[in-house]
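Novice: Got a structure here, written out as structure tokens. Questions coming.
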Amino acid sequence: MATGIDLIISTVCNATFCEPIYDNPILETTKKETDSRNLINFINGRHLKVATYDNVPLSWTENGLNGSLVGRGVAFVILDILRQKFNFTYEVVIPERNYVLGGDKPEDSLIGLANSSKVDMVAAFLPKIPPFRNMVSFSYDLDEGIWVMMLKRPKESAAGSGLLAPFHSYVWYLILVAVLSYGPCITLLTKIRSKLMPTEESHIKLSPSFWFVYGALIKQGTNLAPEANTTRVLFTTWWLFIILLSAFYTANLTAFLTLSKFTLDIEYPKDLYKKNYRWVAAQGSPVQYIVSNPNEDLYYLNAMVKNGRAEFRPYSDDHAFLPLVKNGAVLVKDQLAVDHIMYKDYIRKAKEGIDEVDRCTYVVAPNAFMTMLRGFVYPRDSKLKHLFDRVLVYLSRAGIVNFLQTRDLPSTKMCPLDLQSKDRQLRNSDLLMTYMIMVIGLSAATAAFIGEIIVKRYIRIKIRRHGKQKRKKTKFNKNHMVHTYDDSRPPPYDSIFGRRNPNYKVTEELQTKIINGREYLVVDTTHGASRLIPVRTPSAFLYNLEK
């Protein structure tokens, strides 16, 4: 038996694709090792038929010099490693319809070719779907396939933009309810108080209550001066509510315009169904099988296929999907394929001289559509699986497969969800609400003006015409008319300059007094009192009551 040191050396040799240590005839061999040597001898010099399909960058084909197909991609780099180790040749076969599974005959799909034993193996990264395992045999896991959703990058975040962005829609609804309901609450509570205590402050009518609530909301004052403690508490409560609300709103608006995270409407596969987004995928792909299988979790998306909101296109070139994505469709595709699509599109726009901010046209949803382990495929009775898996396990564990998949991509993520723009200039969409407020306000004022004209000029005239009756003339006694004047206020300054006021005795010789460095005129009233009137111009203009 081999010693521990020999096993370590054998592991290193197998990892570097040298001949295994158990080929040494000096060492004892087991039945498994003997079978492995027999398989190596079996495949040595053989010519294999290898099927593949177009799935850039993992696998695709090109026409060779002699008209034969030449395999390209990660799958054929791995296949060449196997060819060099086990000394075999191969020819490339492609299905008639570039399907993974499906079609009317076995030649239409890769699974059909392997299941019918028309090929020796399939050099392509195929998902290990349970029903497929009953038809073919899979190799060791090469990677975990991730299918993502690619869509056109929206101009605005799904969280909203502008003045409404800081709060959720439900918060705005509750604020609107508070504004509409607090005014009637003030009127109701003050009315109840005035009925219980009729000798004290009267209730506040509905119109002043609404104007108080609205004025406090925009931080304006009010001419209401409540005397009762109940009313003062109501006013103070609303003011505290507005102070806190405006503080939270201002802070959130600042954070949103500077530090907000960009979000999408589509984050999970269920969002496609809930928001009725149109989406597209390749015909004959694993996505089509998963969506059409009633036993799968994503079967609910099949309803979108039936109503035409989802479709499967027979495109072998991934770039053929881009016009659909530009028109608003969501592309469901393998992540590696999507990364290469976005990278090539970015490089093309960079060569055309397009600005940096406009190069990332597409974006990928943050969560995967589905994930599955992938590997090569053999017919069920194939002997190649046991032989090739011993090499594939080292390629996968050593990270060689992952390196081959990403070697043509940049080290940083291509066109991430958040572009991390340093400058955040306000756009018209951010200020759209301010424009709407202006338009709505002007429209409301115009409607109110037209309504006033209609009511005052037409409706009242008609009422007067229909209700016009002869009235008795009433004699008014001029002596009964009472003119009141608040004697506590300073007298009109115009009385000094020639306009005679009957309440003051203005003579040509007026006395002046200087009080605290300021000059005043002493004017006698008809009631026997005297008043001081400032004579300096800046102060005197405060008492110019002429209109």
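Novice: Under 8 Å between Cβ atoms, at least 6 apart or on separate chains: pull out the pairs that start in region 166-190 with a residue that is outside any helix (DSSP H, G or I) and end on any residue that is not small (Gly, Ala, Ser).
Specialist: What qualifies is Pro166/Phe248; Pro166/Tyr249; Pro166/Asn252; Pro166/Leu253; Pro166/Phe256; Phe167/Ile175; Phe167/Tyr249; Phe167/Asn252.
Novice: Filter region 298-314 down to residues that are closer than 13 Å to Val287 by Cβ and open to solvent by 40 Å² or more (accessible area, probe 1.4 Å), then give me how many there are.
Specialist: 4
Novice: Next up: Select the strands (runs of 3 or more DSSP E) contained entirely in region 318-435, then report the ones holding at least 2 residues which are buried (at least 18 other Cβ atoms within 10 Å of the Cβ) and of a type in the set (Phe, Trp, Tyr).
Specialist: In region 318-435, the matching strands (runs of 3 or more DSSP E) lie at 370-378.
Novice: Please identify the pairs in which a residue from region 337-365 that is more than 22 Å from Asp54 (Cα to Cα) has its Cβ atom under 6 Å from the Cβ atom of a residue that is acidic (Asp, Glu) and open to solvent by 50 Å² or more (accessible area, probe 1.4 Å), counting only partners at least 6 apart or on another chain.
Specialist: Listed pairs, sorted by first residue: Ala365/Glu267.
Novice: On to the next question. Go through region 90-148 and report how many residues are of a type in the set (A, V, I, L, M, F, W, C) and in a loop (DSSP other than H, G, I, E, B).
Specialist: 8
Novice: So how many residues does region 215-229 have that are exposed (fewer than 14 other Cβ atoms within 10 Å of the Cβ) and assigned to a helix (DSSP H, G or I)?
Specialist: Count: 1.
Novice: So, in region 252-288, how many residues would count as being at negative phi and open to solvent by 60 Å² or more (accessible area, probe 1.4 Å)?
Specialist: 13
Novice: For region 30-78, enumerate the residues that are in a loop (DSSP other than H, G, I, E, B), of a type outside the set (S, T, N, Q), open to solvent by 50 Å² or more (accessible area, probe 1.4 Å) and without any contact (Cβ under 8 Å) to a residue 12 or more places away in the chain.
Specialist: Result: Leu65, Gly67.
The values are calculated or read from the model by the stated rules, or taken from the named source; none is laboratory data. As the structure is a prediction and not an experimental result, all values here were calculated from the model. Cβ sites come from the backbone with ideal geometry, for glycine too, and all protein chains shown count toward neighbours. Please note that ligands, DNA and RNA were not included when accessible areas were found on the heavy atoms of the full protein model with its side chains. Shrake-Rupley method; radii C 1.70, N 1.55, O 1.52, S 1.80 Å.
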